[in-house]
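Encoded as structure tokens, the structure appears first; notes follow it.
The values are calculated or read from the model by the stated rules, or taken from the named source; none is laboratory data. Keep in mind it's a predicted model, so treat the numbers as computed, not measured. Cβ sites come from the backbone with ideal geometry, for glycine too, and all protein chains shown count toward neighbours. For the accessible areas, the whole protein counts, side chains as well, though only heavy atoms, and no ligand, DNA or RNA atoms are used. Shrake-Rupley method; radii C 1.70, N 1.55, O 1.52, S 1.80 Å.
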Amino acid sequence: MSNPHGTITGNRGLQLEEKLIFEQGVEGRCGVDLPDPPKVKSRMGGVERRGPIGLPGLSEPQAIRHYTRLSQKNFAIDAGMYPLGSCTMKHNPRLNEKAVRMPGLGDLHPMQPVSTVQGALALIDTLAHWLKTLTGMPAVAMSPAAGAQGELCGVMAIKAAHEAKGDHARKVILVPESAHGTNPATAAACGYAVEAIPANERGRVDLDAFKKELGPHVAGIMITNPNTCGLFENDIVEIGKAVHAAGGYFYCDGANFNAIVGRVRPGDLGIDCMHINLHKTFSTPHGGGGPGSGPVVLSAALAPYAPLPFVVHGPNGFRLVEEAKGEGAKTFGRLKAFHGQMGMFVRALAYMMSHGSDGMRQASEDAVLNANYVQARLGEVMTAPFPGPCMHEALFDDRFLNGSGVSTLDIAKALIDEGFHPMTMYFPLVVHGALLIEPTESETKETLDQFIAVMRGLAERAKKGDADFFHHAPRLTPRRRLDETLAARKPVLRWRPAPTERQAAE
Ligand SMILES: *Cc1c(COP(=O)(O)O)cnc(C)c1O
């Protein structure tokens, strides 16, 4: 590895260069003092491993330093503003963390007898109650482990409902062009063909184009509301009525629920199912692929098909319906082992209880206010594809960069040097060179002002034609700009030991 910082060590201040753990390992070194294992006669029938296991040999301080240094290279919402659109990277209150670590919750095991986990089941039931209340929906499936799995849950329930009616002719799901990639992927995974609905010049579903697509071949529609352009779908009630009249079901992607909690109940809009990303709207930590939790609220029409297991409250306390009979007779099956992401349930409920209904409503209002503040201040120097105020995220396109030689990607890279995580780039796809900024309610006005000042400064620098500055950003990160195309085309996923001197000589 070449030395990117010109220091003797390759380190930069107290930010240390980090080799792979395998490169640091020394054969025979060990962080613990274990007795030799007793000799046993193998019963593996000759398939047992003969060579070394290949784990790196490290002392305990080496192992701890390795992971600590890696963690210091990780940017996080606890470190600074993370305006990633559609991800709702809001603050995770420490109270949540305290609640989830309480021994009675933290030490639970999903295989415990139901009689010993009555409190945990009551907690799931209480959270379910609030999710139903906030959405105005009669039922909720708690087990999905993420938004994308919630979508799978919802579309499987839609499929089961059509099949229960003996309707096997519905092969298509309609999805707007602006949808998150998980929407069409979910529909396709469930065996549906995906028909894209165009957006109108206001960034919403084109109602006429949508109505033309409806028919007896349509199983349902998947619409995100507020949508991924950060806009409320004003025609949502009419869309719901039209899809129902055509015999289809209405899936709402509720990942952007943070914009409307306490203000709009999706159940009043005519939707049949909607996933809620607990790890976005209700503050539980997320990123890097997990963990998540995506409960799905269901209309009365879809509730019978909910996945197993689910919690019910009877005369003898709480119990789990785990089999496809009785209350679970119509279920489409099981989505995952166990009942859902218990840790995320605890955090989400702690968030709800500590905010109260007035606090949750205020959080949504502040999220929308913050986004509109950013949109208004940046709208003076950047270009917005759609007119009017936004919901929880501000969307810009790259027209303000026309002729400058600077791209959306360059702006994002320069933002890193200024200490901000980039916004979402190039999504939604309906907007050219999109920059999608979601500040969330947890940022202060001072932070927003600093972010705005940086973005305005960058926009002005780009317009002045200083493309070279941008093409070399980021300058201050442990690694400079990577060749992402090459990395994707030729990924190096496997570490191989460097050849020994003898092997090299041979
Ligand atoms: C985040 C998101 C999803 C997927 O949720 P995961 O929990 O990441 O699986 C789906 N749709 C939209 C609009 C999202 O923002």
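Below is a table of values for the structure above.
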item: Selection count where residues are in contact (Cβ under 8 Å) with a residue 40 or more places away in the chain and open to solvent by 80 Å² or more (accessible area, probe 1.4 Å), scope the range 75-97; result: 2
item: Among residues of the range 317-347, those that are of a type in the set (S, T, N, Q) and under 16 Å from Leu302 (Cβ atoms), counted; result: 1
item: Matching entry among Ala371, Ala376 (being in contact with a strand residue (DSSP E or B) (Cβ under 6 Å, 6 or more places away or on another chain) and either assigned to a helix (DSSP H, G or I) or hydrophobic (A, V, I, L, M, F, W, C) (or both)); result: Ala371
item: Residues located in the range 256-277, provided they are of a type in the set (A, V, I, L, M, F, W, C), within 25 Å of Tyr305 (Cβ to Cβ) and either away from the ligand (no atom under 16 Å from the Cβ) or part of a loop (DSSP other than H, G, I, E, B) (or both); result: Leu269, Ile271, Ile276
item: Strands (runs of 3 or more DSSP E) lying entirely in the range 285-327 (those with 2 or more residues that are within 16 Å of the ligand (Cβ to nearest atom), touching a helix residue (DSSP H, G or I) at 6+ places or on another chain (Cβ under 8 Å) and within 26 Å of Asp268 (Cβ to Cβ)); result: 296-298
item: Which numbered condition Val431 misses (of (1) open to solvent by 50 Å² or more (accessible area, probe 1.4 Å); (2) at pLDDT 95 or above); result: (1)
item: Matching residues, the range 374-390, being of a type outside the set (Gly, Ala, Ser) and open to solvent by 40 Å² or more (accessible area, probe 1.4 Å); result: Arg377, Glu380, Pro387, Pro389
item: Filtered residues of the range 111-134 (kept if more than 16 Å from the ligand (Cβ to nearest atom) and under 22 Å from Asn277 (Cβ atoms)); result: Ala120, Leu123, Ile124, Asp125, Thr126, Leu127, Ala128, His129, Trp130, Lys132, Thr133, Leu134
item: Tally of residues being within 15 Å of the ligand (Cβ to nearest atom) and either open to solvent by 10 Å² or more (accessible area, probe 1.4 Å) or touching a Lys or Arg at 6+ places or on another chain (Cβ under 9 Å) (or both) across the range 135-153; result: 9
item: Residue identified as away from the ligand (no atom under 16 Å from the Cβ), modelled with pLDDT of 90 or more and either part of a loop (DSSP other than H, G, I, E, B) or at negative phi (or both) among Met89, Met44; result: Met44
item: Any hit, the range 270-278, residues being more than 24 Å from the chain's Cα centre (by Cα) and open to solvent by 10 Å² or more (accessible area, probe 1.4 Å); result: yes
item: Neighbours by Cβ (under 8 Å, 6+ apart or cross-chain): first from the range 269-292, charged (D, E, K, R); second assigned to a loop (DSSP other than H, G, I, E, B) and more than 10 Å from the ligand (Cβ to nearest atom); result: Asp272/Ser299; Asp272/Ala301; Asp272/Leu302; Lys280/Lys90
item: Residues (closer than 13 Å to Leu20 by Cα and open to solvent by 40 Å² or more (accessible area, probe 1.4 Å)) located in the range 57-67; result: Gln62, Arg65, Tyr67
item: Test: residue in the range 495-503 that is in contact (Cβ under 8 Å) with a residue 12 or more places away in the chain and of a type in the set (Asp, Glu); result: no
item: Some residue of the range 220-227 being out of contact with any strand residue (DSSP E or B) (no Cβ under 8 Å at 6 or more places or on another chain), within 11 Å of the ligand (Cβ to nearest atom) and not aromatic (Phe, Trp, Tyr); result: yes
item: Check on Met156, within 16 Å of the ligand (Cβ to nearest atom) and either open to solvent by less than 30 Å² (accessible area, probe 1.4 Å) or touching a strand residue (DSSP E or B) at 6+ places or on another chain (Cβ under 7 Å) (or both); result: no
item: Every residue from the range 461-471 that is open to solvent by less than 90 Å² (accessible area, probe 1.4 Å) and part of a loop (DSSP other than H, G, I, E, B); result: Gly465, Asp466
item: Of all residues making up the range 232-255, the number that are crowded, with 24+ Cβ neighbours inside 10 Å and within 16 Å of the ligand (Cβ to nearest atom); result: 6
item: Checklist (1) touching a residue at least 40 places away in the same chain (Cβ under 8 Å); (2) of a type in the set (Gly, Ala, Ser); (3) within 14 Å of the ligand (Cβ to nearest atom) applied to Gly181, failing item; result: (1)
